[in-house]
Each structure stands twice: as structure tokens, then as C-alpha cells.
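> Structure in C-alpha cells, see below.
The values are calculated or read from the model by the stated rules, or taken from the named source; none is laboratory data. Keep in mind the model is a prediction, meaning the values are calculated, not measured. Because the Cβ atoms are built from the backbone with ideal geometry, glycine has one as well, and the counts that use them run over all protein chains shown. In case anyone asks, the SASA skips ligands and DNA or RNA and just uses the protein heavy atoms, side chains included. Shrake-Rupley method; radii C 1.70, N 1.55, O 1.52, S 1.80 Å.
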Amino acid sequence: MDRRRFLQCALAGASAVVMSNMWKIGKAMANDTVEHLNLSDDEWKKRLDPQAYEVLRHEGTERAFTSPLNDEHHDGIFACAGCGLELFPSKFKFNSGTGWPSFFDAIPGHVETKSDYKIIAPRTEYHCARCGGHQGHVFEDGPKPTGLRYCNNGVALKFIPSKV
């Protein structure tokens, strides 16, 4: 087998494993209990600041280590900056060292996934289940109990502190 054929086979095998795992992640998070919010592009532009608009509506990515939410460790809820849907309780947050707020789980039914091929290799992208706003990507290198890492753009979130 020549090198080119070997690399093609290896890439095909790796893609099959990743696609299988992405299907499992997406299936586990499927839930139709959240009412969808549909706004026009002009309405989103009025509602969001330019950076949040680029991330939430055009699947952009903020620079690592720029979000103050990366260092947010108080009790509360991280909600979608676009529509306010609660996505992650603070007890799900952990320090991944990646420069983006990271969580090991999401509130069931509050995120939806799809496959993303922007960097050629497939990744699992997740969005707010209510408004469809892009949040980030989920990877299988997180801590127990899920082994998942929801790597979130801080600008796509707002933090709501607990009232204690």
C-alpha cells in the first residue's frame, strides 16, 4: 500500500469514528420542548453588538482568552446572549485551559448540534435550541462524568448570578 492510499484509508476510518460519536452526541441532546425564536437579520443586528452578531448569527469565533466569562466562577446560570435561554448552570463549568468558557454538560434540550466541516475534519457544532445562535463546539476530551467539553464563545453567553 502506498503512502497516499494509507492516508486516505486512515482519514476515512477516523472520519467514520468521529461521525459515529457526533451522531451519539446529537441524539443525546435532541429535544423539541423549546419554542423557537425566529427574527430577521435586521432584527438580530439591532439586538446584538457587532461581535456577538458575528458569532451568534454567522458562526464566528472570538479570540481565545478575551472573554471575562472565562474567569467567571460564581454560582449562577450561563444563558444565550441572543435570546436568554439558559444553557449551562455554573456547576457544569470547568477550566479547560483553552481560553474559552468550557462546560462538561448542557441543560437537556437547550442546545442542538450539527456537523461542521470548516476546518475539513468534522466537528460537532452546537447552537441555542431557541434562537439557533452559534455557541461553539463540543469535544470528547472533557472531565467526568460526561467526558464532554462544550467550548463556548464567551460573547455568545451572558451570566446570570444566583440570587442568594
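> Filter the stretch 55-88 down to residues that are of a type in the set (A, V, I, L, M) and in a strand (DSSP E or B) and give me whichever is farthest from the chain's Cα centre (by Cα).
Ile77
> What tally of residues in the stretch 69-91 results from selecting those that are open to solvent by 40 Å² or more (accessible area, probe 1.4 Å) and touching a strand residue (DSSP E or B) at 6+ places or on another chain (Cβ under 9 Å)?
4
> Collect the residues in the stretch 66-94 that are farther than 25 Å from Glu54 by Cα and in contact with a helix residue (DSSP H, G or I) (Cβ under 9 Å, 6 or more places away or on another chain), keeping them in residue-number order.
If the condition is that a residue be farther than 25 Å from Glu54 by Cα and in contact with a helix residue (DSSP H, G or I) (Cβ under 9 Å, 6 or more places away or on another chain), then His73, His74, Asp75, Gly76 are the ones that fit.
> Looking only at the stretch 113-164, count every residue that is in contact with a Lys or Arg (Cβ under 8 Å, 6 or more places away or on another chain), open to solvent by 20 Å² or more (accessible area, probe 1.4 Å), in a strand (DSSP E or B) and in contact (Cβ under 8 Å) with a residue 60 or more places away in the chain and tell me the total.
Residues meeting the conditions: 1.
> Within the stretch 92-106, count every residue that is open to solvent by 20 Å² or more (accessible area, probe 1.4 Å), among the polar types (S, T, N, Q) and under 11 Å from the mean Cα position of the chain (by Cα).
Selection size over the stretch 92-106: 0.
> Quick one: is Ala52 crowded, with 16+ Cβ neighbours inside 10 Å, of a type outside the set (Val, Ile, Thr) and either outside any helix (DSSP H, G or I) or out of contact with any Gly (no Cβ under 6 Å at 6 or more places or on another chain) (or both)?
yes
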